[in-house]
Amino acid sequence: MEFFATIQKRLLKGLLGNPALNERVTRLQSIPSVGEILALTWALETGEVRRFPSMAQAMSYCGLTSAQHSSAGREQRGPIIQAAQ
């Protein structure tokens, strides 16, 4: 367990040594309940933010939007779920 903790600290220090990544992680950590590991995971997983033309597409990519079904003027939303990959 000590070995894992040491490797994790070194990995975090190395990744956060990148100024652009560190800035993104810091901004993400300003969200309540988002810690260093979650913020770093989001930043690394989503990649370059500019690849999403809109906030709605970024939220959809992260699985934070619900499915929407419309028919005959009636709108129904499903639950927020993360699809298995």
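Residue 37 is checked against (1) part of a helix (DSSP H, G or I); (2) of a type in the set (A, V, I, L, M, F, W, C); (3) over 26 Å from residue 8 (Cβ atoms) and fails just one. What number does that condition carry?
Tallying (1) part of a helix (DSSP H, G or I); (2) of a type in the set (A, V, I, L, M, F, W, C); (3) over 26 Å from residue 8 (Cβ atoms), residue 37 fails exactly one: (3).
Looking only at segment 9-18, which residues are open to solvent by 40 Å² or more (accessible area, probe 1.4 Å) and either more than 27 Å from residue 64 (Cβ to Cβ) or touching a residue at least 24 places away in the same chain (Cβ under 8 Å) (or both)?
9, 10, 13, 14, 15, 17
Looking at 36, 2, 75, which is the one that is among the acidic types (Asp, Glu), at pLDDT 85 or above and open to solvent by 100 Å² or more (accessible area, probe 1.4 Å)?
None of the others qualify; the one that does is 2.
For segment 40-63, how many residues are under 28 Å from residue 8 (Cα atoms) and either more than 11 Å from the chain's Cα centre (by Cα) or open to solvent by 80 Å² or more (accessible area, probe 1.4 Å) (or both)?
Of the residues in segment 40-63, 6 are under 28 Å from residue 8 (Cα atoms) and either more than 11 Å from the chain's Cα centre (by Cα) or open to solvent by 80 Å² or more (accessible area, probe 1.4 Å) (or both).
Only one of these conditions is not met by residue 9: (1) of a type outside the set (A, V, I, L, M, F, W, C); (2) part of a loop (DSSP other than H, G, I, E, B); (3) on the phi < 0 side of the Ramachandran plot. Which number is it?
Failing condition for residue 9: (2).
The values are calculated or read from the model by the stated rules, or taken from the named source; none is laboratory data. Only a predicted model underlies this, so the values are computations on that prediction, with no experimental measurement involved. Here the Cβ is made from the backbone with ideal geometry for all residues, glycine too, and neighbour counts use every protein chain on show. The protein model used for the area step is the full one, side chains on, heavy atoms only, and it has no ligands, DNA or RNA in it. Shrake-Rupley method; radii C 1.70, N 1.55, O 1.52, S 1.80 Å.
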